[in-house]
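The next block holds one structure in the form of structure tokens; read it before the comments.
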């Protein structure tokens with residue numbers, strides 16, 4: 001298979017591959033999906049072909065994203081995603097809790113969505129400042 005990309009498209013592909021592999025493997029410890037690591041290595045190996053030498057390194061015969069790549073802002077993008085997902089999940093869980101975990105159907109879907117929206121608005125304004133755990 002051959003895919004033709006501009007350098008800009010290839011650079012974006014590096015980001016997408018890295019982010020995808022990060023999401024799949026970053027929390028797995030020694031139980032990684034090796035085939036995704038292999039795809040990441042293959043894609044990053046093409047950096048040499050297009051003069052993007054600073055974005056990869058060869059570590060014991062395995063091509064990896066370089067420290068420069070990893071410190072170049074990609075983790076800020078991942079963190080933004082994680083924050084958004086965290087607050088969305090938290091809002092939905094709180095809304096379900098407030099409704100006593102009732103099964104969601106057409107009769108209470110609007111209520112659930114309204115509660116989720118209220119929590120999202122609260123988090124956007126105050127973050128975690130108003131969340132209190134009572135002991």
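Readers should treat all values here as calculations from the given coordinates under stated rules, not as data from a laboratory. Everything numeric in this text was worked out from a predicted model, so none of it was measured. No Cβ is skipped: glycine too gets one built from the backbone with ideal geometry, and neighbour counts run over all protein chains shown.
Overall shape: oblate for region 7-65, with the ratio a/c of the largest to smallest alpha carbon gyration tensor axis at 1.5 or above and b/c at least equal to a/b. Full extension of the chain segment joining residue 121 with residue 58 gains 18.1 nm, where the gain is 0.36 nm per residue of separation less the Cα-Cα distance. Inter-part distance, region 82-99 to region 3-69, computed on C-alpha centroids, equals 32 Å. With the helix formula -39500 (n - 2.57) applied to DSSP H stretches of n ≥ 4, the chain reaches a computed 222 nm mean residue ellipticity of -18500 deg cm²/dmol.
As an exercise, use a Förster radius of 30 Å and the Cβ-Cβ distance of residue 106 and residue 133 to find the FRET efficiency, rounded to the nearest 0.05.
Working: r = 34 Å, r/R0 = 1.13.
FRET efficiency, residue 106 to residue 133: 0.30.
Counting only alpha carbon atoms, the long axis of helix 7-25 and the longest principal axis of the chain meet at about 60°.
For the chain, rounded, prolate or oblate, judged on the Cα gyration tensor with a ≥ b ≥ c (square roots of eigenvalues), a/c < 1.5 rounded, else prolate if a/b > b/c? Please report the intermediate quantities before stating the final value.
Working: a/c = 2.66, a/b = 2.54, b/c = 1.05.
The shape class here is prolate.
By the gyration tensor of its Cα atoms, with a ≥ b ≥ c the square roots of the eigenvalues, what is the shape of region 48-122: rounded for a/c under 1.5, prolate for a/b over b/c, or oblate? It comes out prolate by the Cα gyration axes.
Spin-label pair residue 85-residue 23: with each label point 7 Å from Cα along the Cα-Cβ axis, the two points sit 0.6 nm from one another.
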